[in-house]
């Protein structure tokens, strides 16, 4: 079951996949590790990831929310400057990261503004795991797309 929330007490310690929701009121230029300097236009964003390490989703989501952390992943550089306003997650042994990223990229008006952001280890051909969401997208539609992608059979490489 897909869940939504930002309260740490709700986050499960099991492994699973997640979507962080971020909002940029104005364009943002920042250093993103090996991607160097990137610029993101203003808007709402979804970052898709998977938590398999000890502590599962609880540890990974808590890490993403912390302001003091070692900058390791592309998303760490972004969360230093853009607050997370929501998170969806699903406890599952499957890796839903690419399914979800591809489902979000198929939304009319969605795009991947920085090629390779969050997807440097992707083997499914995703252009990025950071998706700029279309303006005016209802929250229910986002949840519906993620839920539909969760129930789909295994996918092959993406073609965007």
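None of the figures in this text is laboratory data; all of them are computed from the coordinates on show. In this text the structure is predicted, and so the values were computed from the model without any measurement. Virtual Cβ from ideal backbone geometry, glycine too; neighbours counted across all protein chains shown.
Here the label points at residue 39 and residue 76, each 7 Å from Cα along the C-beta direction, are separated by 2.7 nm in the simple model. For region 2-118, taking the reciprocal of the average inverse distance between every pair of different Cα atoms yields a Kirkwood hydrodynamic radius of 14.6 Å. When the chain is treated as a Gaussian network with alpha carbon springs shorter than 10 Å, the biggest mean-square fluctuation among 125, 55, 140 belongs to 140. Classified by the C-alpha gyration tensor, region 26-81 has a prolate form. Its axis ratio a/c, with a ≥ b ≥ c, is 1.5 or above, and a/b is larger than b/c. Compute the Cα gyration tensor for region 61-147, then decide on rounded, prolate or oblate, letting a ≥ b ≥ c be the square roots of its eigenvalues: rounded whenever a/c is under 1.5, prolate when a/b is larger than b/c in the other cases, and oblate in all that remain. In terms of gyration-tensor shape, rounded. When peptides 86-93, 129-136, 62-69 are ranked by their average number of other Cβ atoms within 10 Å per residue, the highest-first order is 129-136, 86-93, 62-69.
In this calculation the C-beta distance from residue 144 to residue 7 is compared with R0 = 25 Å, giving a FRET efficiency of 0.65. Per residue of the chain, the DSSP helices (runs of n ≥ 4 H) give a summed -39500 (n - 2.57) that works out to -7000 deg cm²/dmol at 222 nm.
Of interest is the spacing of the C-alpha centroids, which for region 59-87 and region 91-125 amounts to 18 Å.
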